[in-house]
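Input: a single structure, listed below in structure tokens.
The values are calculated or read from the model by the stated rules, or taken from the named source; none is laboratory data. Just so we're clear, the structure is a prediction, and the values are computed from it rather than from any experiment. Virtual Cβ from ideal backbone geometry, glycine too; neighbours counted across all protein chains shown. Remember, those area values only see protein heavy atoms, side chains included, never the ligands or the DNA or RNA. Shrake-Rupley method; radii C 1.70, N 1.55, O 1.52, S 1.80 Å.
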Amino acid sequence: MSSLHLKRFRRIVVKVGSSLLIDSEAGEVRAAWLSALAADIAGLHGEGRDVLIVSSGSIALGRSRLKLPRGALKLEESQAAAAVGQIALARIWSKVLGDHGIGAGQVLVTLQDTEERRRYLNARSTIAKLLEWRAVPVINENDTVATNEIRYGDNDRLAARVATMASADLLILLSDIDGLYEAPPHLDPDTKLIPVVKRVTADIEAMAGSAASELSRGGMRTKIEAAKIATTSGTHMLIASGKIDHPLQAVIDGGRCTWFLTSANPVTARKRWIAGSLEPKGTLTIDAGAVAALRAGKSLLPAGVIRIDGQFARGDAVIVRGPNTHEIGRGLVAYDADDAEKIRGRSSSDAAQILGISGRAEMIHRDDLVVGGPRGEAGGAEKI
């Protein structure tokens with residue numbers, strides 16, 4: 001248990017649900033609690049860690065601002081409430097993080113953004129740039145354009161997908177309960193907390209109860225689903241109580257929580273997915289200099305590409321071959337085939353002029369690239 005400490009993780013996603021963030025009676029943010037959480041986040045941020053926030057609350061805030069009555073909302077009413085609440089939510093996070101000198105960036109995503117490769121790469125690139133600038137991405141489901149039923153606070157699985165997208169090594173779900181119990185505590189007061197879950201089994205899934213909060217429809221069941229998504233992708237996860245002040249500091253101090261462990265890490269899990277789970281749509285043949293650069297852990301630039309084969313779209317998987325046609329690796333390409341053909345062999349600055357846009361400098365970014373061993377096998381040693 002001593003190794004399970006927040007200080008060992010470099011990139012952390014913190015999920016905050018509506019039931020914690022919003023006072024259901026007043027319809028307003030719990031300001032003192034949020035300030036304490038922001039102080040915890042600032043502490044981790046100040047130590048050089050990347051922190052991302054997945055925050056619910058836009059619909060609840062919108063209801064309050066619009067003075068809507070209690071009860072179920074129609075889809076278009078929920079969308080409109082979210083439109084008002086998203087502005088309020090973004091302003092609130094910007095204020096509490098700004099009090100610690102930290103910039104906040106709002107990122108609104110949908111399920112399709114995390115599952116369709118082109119949109120996935122766009123969202124991933126935006127998040128990566130915010131982290132590079134030492135800003136904290138504040139991410140929420142874009143409820144204003146949702147075409148399926150809007151789920152209040154059901155951001156557990158979204159948080160897990162965001163953690164995977166961002167290659168986070170830890171996902172923290174702050175909840176109204178301090179972890180997973182052998183039985184629902186409100187039904188069995190003598191039930192025991194499970195401190196560590198090494199693998200999500202059928203028995204673990206059976207322990208999940210139902211949602212108990214008016215604002216939150218996630219419940220333990222979606223948290224277990226989030227754990228499956230996160231741990232499969234190489235991200236550890238923990239459930240901890242958010243009903244106390246300074247909830248992250250409480251975890252650091254050894255407070256009660258449940259850890260869900262993974263045997264992988266986010267980089268190797270992602271690269272394994274790229275190498276073996278995606279069907280290549282084309283081939284990039286590169287020169288010897290580019291081969292050496294890739295083996296040294298660099299990204300693939302347009303200048304090193306000497307041939308384009310296949311019809312692929314941005315975000316598709318492609319094979320990378322050396323000048324002797326041996327496979328060097330596989331990756332997610334940053335350009336459509338037609339644009340890639342126009343800029344192959346050219347410098348990144350020339351590529352921007354040719355395409356008429358200031359696009360990405362890399363043909364394949366190193367984070368989206370799996371490079372094989374000395375003979376070029378894609379399943380060999382992975383470069384980062």
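Which net charge results when you count Lys and Arg as +1 and Asp and Glu as -1 among the other residues whose beta-carbon is under 9 Å from that of Ile12?
+1
Going by amide H atoms built from the backbone, whose H comes under 5 Å of the H on Ile12, apart from near neighbours?
Close amide H contacts, sequence-distant or interchain: Asp50, Val51, Leu52.
Using Cα positions and a limit of under 25 Å, work out the lysines in reach of Lys228, with same-chain residues fewer than 8 apart set aside.
Answer for Lys228, where 25 Å is the Cα cut-off: Lys7, Lys15, Lys192, Lys198, Lys243, Lys271, listed by chain and number.
At 222 nm, what helix-only mean residue ellipticity would the chain give, in deg cm²/dmol to the nearest 500, using -39500 (n - 2.57) for each DSSP H run of four or more?
The helix-only estimate for the chain comes to -11000 deg cm²/dmol at 222 nm.
By how many nm would the segment from Gln112 to Glu47 lengthen if fully extended, with 0.36 nm per residue of separation less the alpha-carbon distance?
Full extension from Gln112 to Glu47 adds 20.0 nm.
Could you give the nm distance between label points at Lys95 and Ala352, where each point is 7 Å from its Cα heading toward the beta carbon?
Here the answer is 3.8 nm between the modelled labels.
Which of the DSSP-defined H helices in the chain satisfy a minimum axial length of 30 Å, computed from C-alpha atoms, and a minimum mean Kyte-Doolittle hydropathy of -1.0?
75-98
Counting Lys and Arg as +1 and Asp and Glu as -1, each charge on the Cβ, what is the dipole of the range 205-339 about the Cα centre in debye, to the nearest 20?
340
Starting from the amide H of Gly105, placed 1.01 Å from N in the peptide plane, find each other amide H under 5 Å away whose residue is 5 or more places distant or on another chain.
Hits under the 5 Å cutoff: Val136, Val138.
Sort His186, His236 from largest to smallest accessible area, using a 1.4 Å probe on the heavy atoms of the protein chains.
Descending accessible area places them as His186, His236.
Assuming 0.36 nm per residue, please report the length gained on full extension of the stretch Ser24 to Glu279 beyond their Cα-Cα distance.
87.0 nm
Which far-off residues, 5 or more places away or on another chain, put their amide H under 5 Å from the one on Ile177, with H placed in the peptide plane?
Those qualifying (amide H under 5 Å, at least 5 residues apart or on another chain) are Gly242.
Please report the relative contact order for the range 187-321, taking Cα pairs under 8 Å with a sequence separation of at least 6, and give it as a percent rounded to a whole number.
Result for the range 187-321 is 21 percent.
Can you give the charge dipole size of the chain about its Cα centre, rounded to the nearest 20 debye, using +1 on the beta carbon of Lys and Arg and -1 on the beta carbon of Asp and Glu?
820
Taking the Cα centre of the chain as the origin and placing charges on Cβ (Lys, Arg +1; Asp, Glu -1), which of Tyr335, Ala81, Trp33 is farthest toward the positive end of the dipole?
Tyr335
Can you give me the relative contact order of the chain as a percent, contacts being Cα pairs under 8 Å and 6 or more apart?
About 14 percent, as a whole number.
Over what distance in Å are the Cα centres of the range 317-347 and the range 1-35 separated?
Cα centroid to Cα centroid, the span is 42 Å.
Quote the charge dipole size of the range 53-195 about the Cα centre in Debye, to the nearest 20; the model charges only the Cβ of Lys and Arg (+1) and of Asp and Glu (-1).
Dipole magnitude for the range 53-195 comes out near 700 debye.
Just grab the label-to-label distance for Arg199 and Asp245, each label 7 Å out from Cα along the Cβ direction, in nm (one decimal).
Roughly 4.3 nm, to one decimal.
At a probe radius of 1.4 Å, what is the per-residue accessible area of Met220, in Å² to the nearest 10?
Rounded to the nearest 10, the figure is 20 Å².
Can you give me the solvent accessible area of Val145 with a 1.4 Å probe, rounded to the nearest 10 Å²?
Val145 has an accessible surface of roughly 80 Å² with all protein chains in place.
If you take the charge dipole of the chain about its Cα centre, with +1 on Lys and Arg Cβ and -1 on Asp and Glu Cβ, which of Ala72, Tyr120, Val371 is farthest toward its positive end?
The one lying farthest along the dipole's positive direction is Val371.
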